[in-house]
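Structure record follows, encoded as structure tokens.
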């Protein structure tokens, strides 16, 4: 049986560490093949925020990398079988494109394909505070099948580092695709596991 394929997109919103960590965590799961798309703003933000020292560092974490503007890439077609797509972080621009089916780049096209094929699309929307327009976009995207997962930290895990917060948040997003990473701490009856 072949590997489970997963699309990961990194957009220009703050929080590129979420997308980088998703790639790192997916590498730990042996039957997963990652397909990466990064916008130019995503690359710039990742470097400025210290999530990576270069775009090549991030690309090296993925099995397959596609240019952001290549709307003819494999992931732009419904015939590309995959588990779904994680957009981490998801900018409001990308959320708007998804909500309005505006597919002018590979990230929005691949996201739209996931929705039309009824595959999971998880958007780690990274903006605060939210105005009514942002909330309306999240509602519209959700009605089309997207899952909105703002990167909200879980404090019941008693995180000691920023890395703990990022890993737990990404791990919970990956749970939505049935990827179980051993670093995710889970609440159990009687306390934390």
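Scanning region 76-104 for residues that are closer than 22 Å to residue 126 by Cβ and in a helix (DSSP H, G or I) yields 92, 93, 94, 95, 96, 97, 98, 99. Can you work out which of the residues in region 63-73 that are in contact (Cβ under 8 Å) with a residue 24 or more places away in the chain and not in a strand (DSSP E or B) is surrounded by the fewest Cβ atoms within 10 Å (Cβ to Cβ)? Checked region 63-73; the qualifying residue surrounded by the fewest Cβ atoms within 10 Å (Cβ to Cβ) is 67.
Give me the residue from region 120-130 that is free of Cβ contacts under 8 Å to residues at least 40 places away in the same chain and more than 14 Å from the chain's Cα centre (by Cα) and, out of that set, surrounded by the most Cβ atoms within 10 Å (Cβ to Cβ). Applying the filter and picking the extreme gives 130. Figure legend. Inter-residue proximity from region 10-38: first residues at positive phi, second residues surrounded by 16 or more Cβ atoms within 10 Å (Cβ to Cβ), beta-carbon distance below 7 Å, spacing 6+ or different chains. Indicated pairs: 15/89; 15/126; 15/151.
Out of the residues in region 16-45 that are within 13 Å of the chain's Cα centre (by Cα) and farther than 24 Å from residue 113 by Cβ, which is surrounded by the fewest Cβ atoms within 10 Å (Cβ to Cβ)? Only one residue fits best here, namely 24. Scanning region 155-182 for residues that are modelled with pLDDT of 90 or more, over 15 Å from the mean Cα position of the chain (by Cα) and either in a loop (DSSP other than H, G, I, E, B) or closer than 23 Å to residue 97 by Cβ (or both) yields 158, 159, 160, 161, 180, 181. Please determine whether any residue of region 46-62 is closer than 20 Å to residue 150 by Cα, in contact (Cβ under 8 Å) with a residue 12 or more places away in the chain and either under 13 Å from the mean Cα position of the chain (by Cα) or part of a loop (DSSP other than H, G, I, E, B) (or both). Yes, region 46-62 has at least one match. The set of residues in region 140-168 that are surrounded by fewer than 12 Cβ atoms within 10 Å (Cβ to Cβ) and either closer than 27 Å to residue 115 by Cβ or out of contact with any strand residue (DSSP E or B) (no Cβ under 9 Å at 6 or more places or on another chain) (or both) comprises 143, 152, 155, 160, 161, 162. Scanning region 136-154 for residues that are touching a helix residue (DSSP H, G or I) at 6+ places or on another chain (Cβ under 6 Å) and either modelled with pLDDT under 95 or more than 15 Å from residue 98 (Cα to Cα) (or both) returns 151, 153, 154.
The values are calculated or read from the model by the stated rules, or taken from the named source; none is laboratory data. Bear in mind the structure is a predicted one, so any value in this text is a computation, not a measurement. Positions of Cβ are backbone-derived with ideal geometry, glycine not excepted, and every protein chain shown enters the neighbour counts.
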